[in-house]
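So the structure is just underneath, and the comments pick up after that.
The values are calculated or read from the model by the stated rules, or taken from the named source; none is laboratory data. Computed from a prediction, not measured in an experiment: that's the story for all the values here. Reconstructed Cβ throughout: ideal geometry from the backbone, glycine too, with neighbour counts over all protein chains shown.
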Amino acid sequence: MIPPKRDEKGGHPQGLGLIKEARRYYAPYAIHIERISKMKNKKSIHVYLVLIAIIGAASIVGCSLPATYLGGGVNGNGTGPAPINLKTAAGINSGSFAILAKTAVTTTGVTAITGDIGLSPSAESYYEGFSQARDASNAFSTSSLVTGKMYASNMAVPTPANMTTAISDMETAYVEAAGRAIPDFTELHAGDISGKTLAPGLYKWGTGVLISTDVTLSGSANDTWVFQISQNLTMASGARVLLSGGAQAKNIVWQVGGGVGVTLDSTSHLEGIVLAAKAINLVTGATVNGRLLSQSAVTLQANTIVTP
């Protein structure tokens, strides 16, 4: 491989000059070079192209480098961190989980859920407010509030084993999301992202996150967002997470570690997949386009939840 030409002062080419040279000589890594060309920091451009030249694109992907710099997104066709693999926490038996919890799922009022619900290790009796009825197979139940199936650990085989695996995959996905290293944004706006527009990337807070007015996630259909929140996620009444530019809820993950967990106040709206270490609580009229995956309980009050 021929290295890029030095500039007239004997130094390495910088900025756009470096990118043009890299495109010419580093063709095997063109996909990474194209994404790095969007970076505005010339020093960062130089550093990362040198890394690509030395250890190759495949090795770069294996390193803990900032997701936005290297590109990635869905199947390497977007911007942001590689997607979190939910495996069977996304669904079993060709279904799709809207809610997955370990201890209880309760609802009051007229809730509407499009997607499946799973509960384990708790038994079906820890579903409250659904008035569900067992299918003839005894492997799942149905409810007028759920356009989908309801699973629990004490149902007929293969449901117990399937639910054990789904819960394990949920916990693994949580650990993966929480463990993503080298965030693109750290402690952004001290955790108050109200009214902001957020680009694809990996975001990390050692605090909680507050959304009191609309937040917009702006990106393409293949872009990704992972939000690492050490404490609680709180959405105020009427606040919304909005998507623009083709961004999709299935490519957004909210990893929440706080002891209170997630609270969506009345008529608020969230887009994305919630991976919560503790409880998820929705107040009257709150809506979600995504999944609610809790290692504790999910509490609903006349809410609408649709899987992405």
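Suppose we filter segment 159-189 for residues that are hydrophobic (A, V, I, L, M, F, W, C) and not in a helix (DSSP H, G or I); how many remain? Spell out how you get there, then give the answer.
Going through segment 159-189, the residues hydrophobic (A, V, I, L, M, F, W, C) turn out to be 161, 163, 166-167, 170, 173, 175, 177-178, 181-182, 185, 188.
The next check asks that each one be not in a helix (DSSP H, G or I); those that pass are 181-182, 185.
Residues flagged as hydrophobic (A, V, I, L, M, F, W, C) and not in a helix (DSSP H, G or I) within segment 159-189 amount to 3.
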Completion exercise
Contact list, first residue from segment 166-178 and in the same structural domain as Tyr151 (by TED's automatic domain parsing) and touching a residue at least 60 places away in the same chain (Cβ under 8 Å), second anywhere and in a helix (DSSP H, G or I) and of a type in the set (Ser, Thr, Tyr), beta-carbon distance below 7 Å, six or more apart or interchain, is Ala166/Thr88; Asp169/Thr88
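Okay, residues lined up against (1) farther than 19 Å from Ala101 by Cβ; (2) touching a Ser or Thr at 6+ places or on another chain (Cβ under 7 Å); (3) acidic (Asp, Glu):
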| site | (1), (2), (3) |
| --- | --- |
| Ala152 | no, yes, no |
| Val157 | yes, no, no |
| Met163 | no, yes, no |
| Glu171 | no, no, yes |
| Tyr174 | no, no, no |
| Pro183 | yes, no, no |
| Leu188 | yes, no, no |
| Gly191 | yes, yes, no |
Fill in the blank from the handout: Residue set Ser268, Ser218, Ser237; condition surrounded by fewer than 20 Cβ atoms within 10 Å (Cβ to Cβ), of a type in the set (S, T, N, Q) and within 25 Å of Leu100 (Cα to Cα); output residue Ser237
Completion exercise
The correct count of residues that are without any contact (Cβ under 8 Å) to a residue 40 or more places away in the chain and either touching a helix residue (DSSP H, G or I) at 6+ places or on another chain (Cβ under 9 Å) or not aliphatic (A, V, I, L, M) (or both) in segment 257-267 is 6
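Hey, can you tell me all the residues within segment 199-212 that are among the aliphatic types (A, V, I, L, M) and surrounded by fewer than 20 Cβ atoms within 10 Å (Cβ to Cβ)?
Step one: filter segment 199-212 for residues among the aliphatic types (A, V, I, L, M), giving 199, 202, 209-211.
Passing the criteria: Ala199, Leu210.
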Problem - Residues satisfying the stated conditions in segment 128-140, i.e. among the hydrophobic types (A, V, I, L, M, F, W, C) and part of a strand (DSSP E or B) - result: Ala133
Handout entry: Those residues of segment 97-127 which are surrounded by 17 or more Cβ atoms within 10 Å (Cβ to Cβ) and part of a loop (DSSP other than H, G, I, E, B), in sequence order
Key = Lys102, Thr111, Gly115, Ser120, Ser122
Practice task
Could you tell me whether any residue of segment 98-106 is touching a Gly at 6+ places or on another chain (Cβ under 8 Å), under 25 Å from Glu176 (Cα atoms), at pLDDT 95 or above and of a type in the set (Val, Ile, Thr)?
Solution key: yes
